[in-house]
Amino acid sequence: MRLSLLIAVLLLAGCDAFFDPEGSNDRQASVERLEGTWTLTTRSERIAYDGTITPAGGTETRALEVAQEVTCNRDQRLRAEGEETRAYVVSDPAAPSALRTCGLLTVDQDGKRIVFLGLNEDAAGNIVDDGGDRQEWHFYTVLTDGTTDRTIWTLTR
Amino acid sequence: MTRSLLLALAVALAVPASAQSGGLALTGGFTRLGYDGEALDTFDRTFSEYYVQRLDGPVDLLPDHVQGLSGGVTARVSDGQFEFAAGYVYARGASDARASFENAEGFRVGTEAIDQSVFLEALVAVLPRVTVGPVIRASLRQSVLRAAWIHPDGSESVGSEYRINGIYRASGGSRFLFEAGGALRLAITDRITVPVRVLFDLPEPGGALGIPLTDYDVQSLNDVFPLDFQRWAADVAALDTEAAVQPEHLEGMRIEAGIEVVVLKF
């Protein structure tokens, strides 16, 4: 009887470990965490064929806004209706509303990628830090000589 | 899961009072989920041929099976000779393989299969403590294929620098599987038994949908994962669904074995 109880407890503990803690609302929560205005710092690194990393170019800082509803492009009001997992990203929020540059982004359902949705091609980067006050995204570009450029976006507020 | 439990209890309680014994048991064990190894080998072979100059040898990125742990609950009634059981099982299997190039760059492919199943089995005693019989099973299978590039500094990316990178899933997230096979149950004590099951995937009613695994988190990139890498590399935009990995390729024979502990007798 004691052996049965012990095994039963172990089985119950094991079952709990099988279930994926990620829920369906996590993706929506990740996008909501991005909403608001951020200070974006971008810098690049070059990864050589042997793995050596060297800085490439300088560091740039600017503002970035993420919102479910934005005004841009000839005063057109844009809202990601029914798309809780998508949001608009405004790359120049200080500009007059009609002149802003807006795009769509989403976070994948695994919370691993930030995806800028494009008409012909998406740009997907890796989410390295997924905090409410700090985010870090890595975008890779492979060059023809075998080296790789890593562009690091650091968002703080 | 609640529905499965209620079903199992209803089945058990519906048995006339003359039935000698029954119980509710927790189960846990090992599961081997088969894949269509022949079809998936097409990717391994064509990938290895395409990168033959940069690889040390052929790679096995898409295996013919995955394995992992399973757990669940079973309701069982028996009159000593015949035994009837219904239950719920949660099983997860995963693979993780990597192709390494000479400069430490690499391509990592992982698959994951998660099953939530209900089963019915009817067993007959053939030896003291041993019962055997047929089992049928319906499962909700979630299949995921993850493809990532490893850069020379060791960093791993599922981003868009290579079009094949991505996280691919079945249409709708999950698919129904219907399986049939056999079960053998060895009683260790009156409360502890060892069940072993072998099940085969049955053809789907109406035939397979033919919708390949797709990267649904993007809208214009990384749409499907190729089965023939060389054909895909020749023209990535021309890939059709027949030349892509489909959910059916991640289904096959299931073998499971474990331990079953009766926690409630009735």
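Any read-out appearing in this document is the output of simple, stated calculations on the displayed coordinates, not a laboratory observation. Just so it is clear, the structure is predicted and the values come from calculations on it, not from any experiment. Every residue, glycine as well, gets a Cβ built from its backbone with ideal geometry; the counts of neighbours run over all protein chains shown.
Please tell me the relative contact order of region A:26-156 in percent, rounded to the nearest whole number, where contacts are Cα pairs under 8 Å and at least six residues apart.
Values: 299 pairs, mean separation 33.1, N = 131.
Across region A:26-156, relative contact order equals 25 percent.
Based on the Cβ-Cβ distance from B:ILE188 to B:ARG98, what FRET efficiency comes out when R0 is 45 Å, to the nearest 0.05? Display every interim value, and only then the final one.
Details: r = 40 Å, r/R0 = 0.89.
With R0 = 45 Å, the Cβ-Cβ based efficiency is 0.65.
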Most exposed first, judged by fewest Cβ atoms within 10 angstrom, A:GLU45, B:GLU102, B:GLU121 run B:GLU102, A:GLU45, B:GLU121
Highest-fluctuation residue, B:PHE119, B:PHE43, B:PHE101 considered, GNM on chain B with Cα pairs under 10 Å: B:PHE101
Tell me, what does the Kirkwood hydrodynamic radius of region B:158-266 come to in angstroms if you use every pair of distinct C-alpha atoms? 17.2 Å
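Let's test the formula: R0 of 35 Å, r as the Cβ-Cβ distance of A:THR151 and B:GLU38. What FRET efficiency results, to the nearest 0.05?
On the way: r = 41 Å, r/R0 = 1.18.
Working from the Cβ atoms, E equals 0.25.
Ranked by Cβ crowding within 10 angstrom, fewest neighbours first, how are B:TYR216, A:TYR49 ordered? Let's see the in-between values first.
Details: B:TYR216 18, A:TYR49 14.
Neighbour counts put them in this order, fewest first: A:TYR49, B:TYR216.
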Distance between Cα centroids, region B:170-218 to region B:18-97: provide it in whole Å. 8 Å
What is the spin-label model distance, in nm, from B:PHE178 to B:ASP79 if the labels are put 7 Å beyond Cα along the C-beta direction? 2.9 nm
So, in nm, how far is label B:ASP153 from label A:ASN73 when the simple model puts each one 7 Å beyond its Cα toward the Cβ? 3.5 nm
In whole percent, what relative contact order does region B:2-265 give with Cα contacts below 8 Å and a gap of six or more residues? 21 percent
Each residue of region B:136-144 in order: what ³J(HN,Hα) in whole Hz does its phi give by Karplus 6.51 cos²θ - 1.76 cosθ + 1.60, θ = phi - 60°, with x for Gly and Pro? 10, 8, 10, 10, 9, 9, 10, 10, 9
Percentage of interatomic Cα-Cα distances in region A:26-156 larger than 26 Å: 26 percent
Residues whose placed amide H lies under 5 Å from that of B:ILE188, excluding near-sequence neighbours: B:THR193, B:VAL194
Quick one: check the C-alpha center-to-center distance for region B:231-264 versus region A:52-131, whole angstrom. 34 Å
So the compactness index of the protein assembly as shown, its C-alpha Rg divided by 2.2 N^0.38 Å, takes the value 1.19
Using θ = phi - 60° and Karplus 6.51 cos²θ - 1.76 cosθ + 1.60, couplings along region B:240-257 (whole Hz; Gly, Pro as x): 9, 5, 5, 9, 10, 5, 10, x, 4, 6, 9, 9, x, 6, 10, 10, 9, 9
Amide H of B:LEU227: which non-local residues (sequence gap of 5 or more, or other chain) have their own amide H closer than 5 Å, using H built in the peptide plane? B:ALA244, B:VAL245
To make sure I understand, if each residue's beta carbon is the centre and we count other beta carbons within 10 Å, what order do B:TYR162, B:TYR35 fall in, fewest to most? B:TYR162, B:TYR35
Going from the alpha-carbon gyration tensor of chain B, what semi-axes, largest first and in whole Å, does one get by taking the root of 5 times each eigenvalue? 43, 18, 15
Could you run the Karplus curve 6.51 cos²θ - 1.76 cosθ + 1.60 with θ = phi - 60° over region B:68-76 and give me ³J(HN,Hα) per residue in whole Hz, x for Gly and Pro? x, 9, 9, x, x, 9, 9, 9, 9
For chain B, take the longest principal axis of its alpha carbons; what is the angle in degrees between that and the long axis of helix B:2-14, to the nearest 10 within 0 to 90? 30 degrees
Residues meeting the amide H criterion for A:GLU35 (H placed from the backbone, H to H distance under 5 Å, 5 or more places apart or on another chain) are none
Charge dipole (chain B, unit charges on Cβ, about Cα centre) - positive-most of B:GLY71, B:ILE188, B:SER155: B:ILE188
At 222 nm, what helix-only mean residue ellipticity would chain B give, in deg cm²/dmol to the nearest 500, using -39500 (n - 2.57) for each DSSP H run of four or more? -4000 deg cm²/dmol
Among region B:93-114, those whose backbone N falls under 19 Å of a label point 7 Å along Cα→Cβ from B:ARG163 are B:107-108
Degrees, to the nearest 10: B:37-50 long Cα axis against longest axis of chain B: 20 degrees
